[in-house]
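Have a look at the structure below before the remarks.
The values are calculated or read from the model by the stated rules, or taken from the named source; none is laboratory data. The structure displayed is predicted, hence computed values, not measured ones. Neighbour counts are summed over all protein chains in view; Cβ atoms, including those assigned to glycine, are modelled from backbone coordinates with ideal geometry.
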Amino acid sequence: MKKKLALILTAILVLTVFPSALPAVTDAAPKGIASDIVIDTDGSDGYSGDYVVIYNPATTESDSKSTGNMTGLIETEVGAAANRPTASSDTLYRIDVDGALAEKAAEAGFTKAPGEPPQTQDSFNVGDTHNFMILNYSPAGMMMEFKVLAKGEHCYIWTPTSTAENVWPLDSINPDFAQMAADEFDSKFALMQSSFGDHSNGSSGDGRLNMLYYNIDDGWQPGQGYIGGYFYALDLYLNGMPILNIDTYPGVHYVNAAGEVSDDISRTYGTMVHEYQHLINFSEAGMTDTWVNEMMSAAAEEICYPGSSVYSRIQSWINYIYSENEDWANPPVEFPYVPELQLHNGFSMYSWNNDLPMDDLLVLYAQVSLYAQYIYSRYGNTTFRGIMGELAAGQSFVQGFENVTGMNASDFTANFRVALTANTAENVLGGIYGFRLQEGYDPAQYHGVENVYSLLGPVVFTGSQCSVKGGGAICVKPVGGVYNPPSGAASGLRYYGITRTVTEPEPVPLTGIDLDIHEAELHVGQTLELTAIPIPGNASDYTLNWISSDESVVTVEWDGLGATVTAVGSGEAVITVRATDEVLHPDMFFEAECVILVSGVIPYPRGDIDMNGTVNVTDAVLVLRYSMGIITLTDEQLAIGDMDGSGAVNVTDALMIMRIAMGIA
């Protein structure tokens with residue numbers, strides 16, 4: 001089982017000293033973004049505002065400052081309910097092990113790239129083979145033979161020659177994918193070089209990068225995060241080549257818990273540039289602070305694929321997943337902090353620790369991603385390489401940042417902390433407290449969200465007190481709109497009262513309703529999940545009611561757009577979802593129907609996948625093989641194997657069948 005470290009979060013740390021190159025600013029503030037703002041830093045009569053940001057300006061995480069007891073001074077109930085998905089979610093997501101592998105390399109004494117390229121390195125052609133040493137997550141031993149599938153202008157695409165079941169060579173998934181990956185890397189190469197630098201040390205003879213596509217054997221199962229790829233510094237020494245390891249299962253070949261297959265090489269593209277930045281960083285500057293290195297790799301993803309980092313990272317930071325409520329066009333105004341998340345409690349992104357709990361690492365990646373995007377928003381994309389040069393010269397990020405931008409890093413971070421709450425339009429106070437989209441951002445790729453930063457809102461601390469680390473901050477909502485720091489507050493903390501004016505979205509009328517399924521057949525005892533589809537998808541204010549035409553045949557329970565239908569008796573019934581627009585058309589309603597035919601009880605016992613009348617280990621193995629995408633099952637077998645009634649057959653069902661076969665359950 002892989003060590004769950006963090007989602008590979010995407011953001012951008014990019015700087016330039018040429019503000020004139022920034023795009024023109026529009027007058028209108030997108031929905032959810034403040035169209036005006038007042039900042040109060042006086043404090044002589046308290047700090048006034050809808051919110052107050054409490055910031056520790058120290059540039060080292062070890063300097064902690066207490067807020068003092070704020071009981072009675074701040075609101076304790078705010079914002080939208082959190083809806084972080086459960087660990088059993090079937091959503092495919094990546095985790096990152098680069099920080100842990102960098103620590104491993106550093107412990108072995110490898111903190112800088114080799115001083116000279118290897119003495120003997122050859123060029124390769126398509127079809128050539130070579131043995132690579134794979135020390136981490138190898139599916140087939142330490143030494144693996146790979147073959148060249150594609151040769152790009154700047155890269156080789158390799159995959160194992162082994163056809164063992166657990167290896168998942170790229171050409172066994174789709175023979176066209178290798179050339180597509182090579183072409184994609186070549187298309188981003190110049191942009192990566194100009195933004196970050198070169199991987200001159202450890203290059204192969206013809207300078208091409210070696211990307212190894214195989215199953216990074218991390219024990220992935222549906223519902224878990226997977227290692228999308230990694231760069232390992234020792235490869236430059238042990239293999240004598242610059243190498244990126246890219247996952248094919250489930251990175252390319254993904255089979256969800258329901259057995260649905262999705263083969264997509266583009267899922268590796270963000271990983272490709274993320275890991276390439278790590279290689280450049282190591283070649284240029286050696287081991288750097290993890291938070292800086294991860295911020296730059298997140299930047300690489302956002303530069304190459306605008307929106308790809310911010311869209312998910314904002315949701316990680318605010319602990320709110322928009323797909324759960326389908327409210328992309330009407331984001332909540334504010335979000336409650338999560339007491340268990342350290343970064344919601346004044347923790348600092350400077351305090352990067354790969355041993356933090358998974359959820360903390362998600363938020364940590366989110367903060368460095370947003371921090372990077374804020375740097376881009378203020379300075380543009382062309383100064384990354386300048387910062388890399390400062391790091392290569394031995395400067396800390398704090399000093400290097402000031403050398404490149406001319407601004408004190410502590411003051412800049414203060415503005416960032418305010419921007420997370422203020423989130424203004426670009427034309428407000430020169431955009432100091434807002435964010436700017438990367439050029440090329442396409443709303444169509446992100447649920448039609450015009451400006452992805454409209455999903456960002458204040459995360460409001462509602463506890464009694466906390467210790468704010470250097471570079472960290474919390475946002476509170478003062479009782480009565482004025483905050484006076486308590487007597488126990490540490491000196492040196494900064495306070496920013498923030499009053500924001502937000503453009504309210506225009507109501508979007510509902511014009512219809514649909515269902516994802518219109519006909520279904522069930523056996524008595526089975527369930528069916530239905531989802532209502534509002535038309536348009538961003539309709540703003542409506543109510544739903546679900547109705548069964550015959551509750552002796554099927555019953556229905558619902559929560560918002562989702563409903564669970566249970567077959568209780570033989571016959572035919574109709575499930576109807578009725579929608580009413582509460583604002584614009586309260587006297588109208590729209591309907592959609594699903595006709596359900598229910599037959600008798602399944603003639604085989606639950607778990608009897610091979611339908612031989614007995615539940616045994618063979619049945620559990622069949623479900624496991626199905627979950628891995630190795631075999632398919634009939635609809636009747638799937639109904640028999642759905643042990644927990646979730647509507648999907650997965651590893652959980654296999655374990656339940658195994659327990660029955662062993663007499664445990």
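Numbers at a glance
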| quantity | calculated |
| --- | --- |
| Residue in the range 592-613 that is at pLDDT below 85, of a type in the set (A, V, I, L, M) and at negative phi present | yes |
| Search result, residues across the range 161-196 that are outside any helix (DSSP H, G or I) and either touching a helix residue (DSSP H, G or I) at 6+ places or on another chain (Cβ under 6 Å) or crowded, with 19+ Cβ neighbours inside 10 Å (or both) | Val167, Trp168, Pro169 |
| Filtered residue count, the range 252-294, keeping only those that are part of a helix (DSSP H, G or I) and β-branched (Val, Ile, Thr) | 7 |
| Failed condition for Gly79, given (1) crowded, with 19+ Cβ neighbours inside 10 Å; (2) of a type in the set (Gly, Ala, Ser); (3) at pLDDT 90 or above | (3) |
| Of the criteria (1) surrounded by fewer than 20 Cβ atoms within 10 Å (Cβ to Cβ); (2) touching a residue at least 24 places away in the same chain (Cβ under 8 Å); (3) acidic (Asp, Glu), which one Glu402 fails | (2) |
| Meets criteria (hydrophobic (A, V, I, L, M, F, W, C), modelled with pLDDT of 95 or more, farther than 19 Å from Asp183 by Cα and buried (at least 17 other Cβ atoms within 10 Å of the Cβ)) for Trp158 | no |
| Any chance Val338 is surrounded by fewer than 19 Cβ atoms within 10 Å (Cβ to Cβ), more than 17 Å from Gly99 (Cα to Cα) and touching a helix residue (DSSP H, G or I) at 6+ places or on another chain (Cβ under 7 Å) | yes |
| Filter result (small (Gly, Ala, Ser), out of contact with any Leu (no Cβ under 8 Å at 6 or more places or on another chain) and crowded, with 22+ Cβ neighbours inside 10 Å) within the range 211-231 | Gly228 |
| The range 614-625 residues that are at pLDDT 85 or above, paired with ones that are among the small types (Gly, Ala, Ser) and not in a helix (DSSP H, G or I) (beta carbon under 6 Å, 6 or more apart) | Val615/Gly607; Asp619/Gly607 |
| Which listed residue, of Gly613, Gly607, Gly600, is over 30 Å from Asp514 (Cβ atoms) and not in a loop (DSSP other than H, G, I, E, B) | Gly600 |
| Neighbours by Cβ (under 7 Å, 6+ apart or cross-chain): first from the range 588-607, under 19 Å from Trp546 (Cα atoms); second among the hydrophobic types (A, V, I, L, M, F, W, C) and assigned to a loop (DSSP other than H, G, I, E, B) | Phe590/Leu510; Cys594/Ile517; Val598/Val553 |
| Those residues of the range 466-487 which are of a type outside the set (A, V, I, L, M) and buried (at least 16 other Cβ atoms within 10 Å of the Cβ), in sequence order | Cys466, Lys469, Gly470, Gly471, Gly472, Cys475, Lys477, Pro478, Tyr483, Pro485 |
| Qualifying residue in the range 228-248 (condition: within 23 Å of the chain's Cα centre (by Cα), over 19 Å from Tyr156 (Cα atoms) and in contact (Cβ under 8 Å) with a residue 40 or more places away in the chain) | no |
| Selection within the range 116-145 - over 31 Å from the mean Cα position of the chain (by Cα), among the hydroxyl-bearing types (Ser, Thr, Tyr) and modelled with pLDDT of 75 or more | Ser123, Thr129 |
| The range 145-155: number of residues that are surrounded by fewer than 21 Cβ atoms within 10 Å (Cβ to Cβ) and either outside the structural domain of Leu238 (by TED's automatic domain parsing) or in contact (Cβ under 8 Å) with a residue 60 or more places away in the chain (or both) | 0 |
| In the range 341-351, the residues that are touching a helix residue (DSSP H, G or I) at 6+ places or on another chain (Cβ under 7 Å), in a loop (DSSP other than H, G, I, E, B) and either surrounded by fewer than 20 Cβ atoms within 10 Å (Cβ to Cβ) or of a type in the set (A, V, I, L, M) (or both) | Leu341, Met349 |
| Unmet requirement for Gly219, which otherwise passes all of (1) assigned to a loop (DSSP other than H, G, I, E, B); (2) under 15 Å from Phe132 (Cα atoms) | (2) |
| Residue check, Leu135 of a type in the set (A, V, I, L, M, F, W, C), assigned by TED's automatic domain parsing to the domain that holds Asn239, surrounded by fewer than 20 Cβ atoms within 10 Å (Cβ to Cβ) and in contact with an Asp or Glu (Cβ under 9 Å, 6 or more places away or on another chain) | yes |
| Unique residue being at pLDDT below 75 and under 22 Å from the mean Cα position of the chain (by Cα) when the list is Ala113, Ala108, Ala87, Ala102 | Ala87 |
| Selection within the range 435-465 - under 26 Å from Ile375 (Cβ atoms) and loosely packed, with under 15 Cβ neighbours inside 10 Å | Glu439, Gly440, Asp442, Pro443, Gln445 |
| Entirely in the range 424-519, the strands (runs of 3 or more DSSP E) that have 1 or more residues that are over 19 Å from Val333 (Cα atoms), among the aromatic types (Phe, Trp, Tyr) and touching a Gly at 6+ places or on another chain (Cβ under 7 Å) | 494-502 |
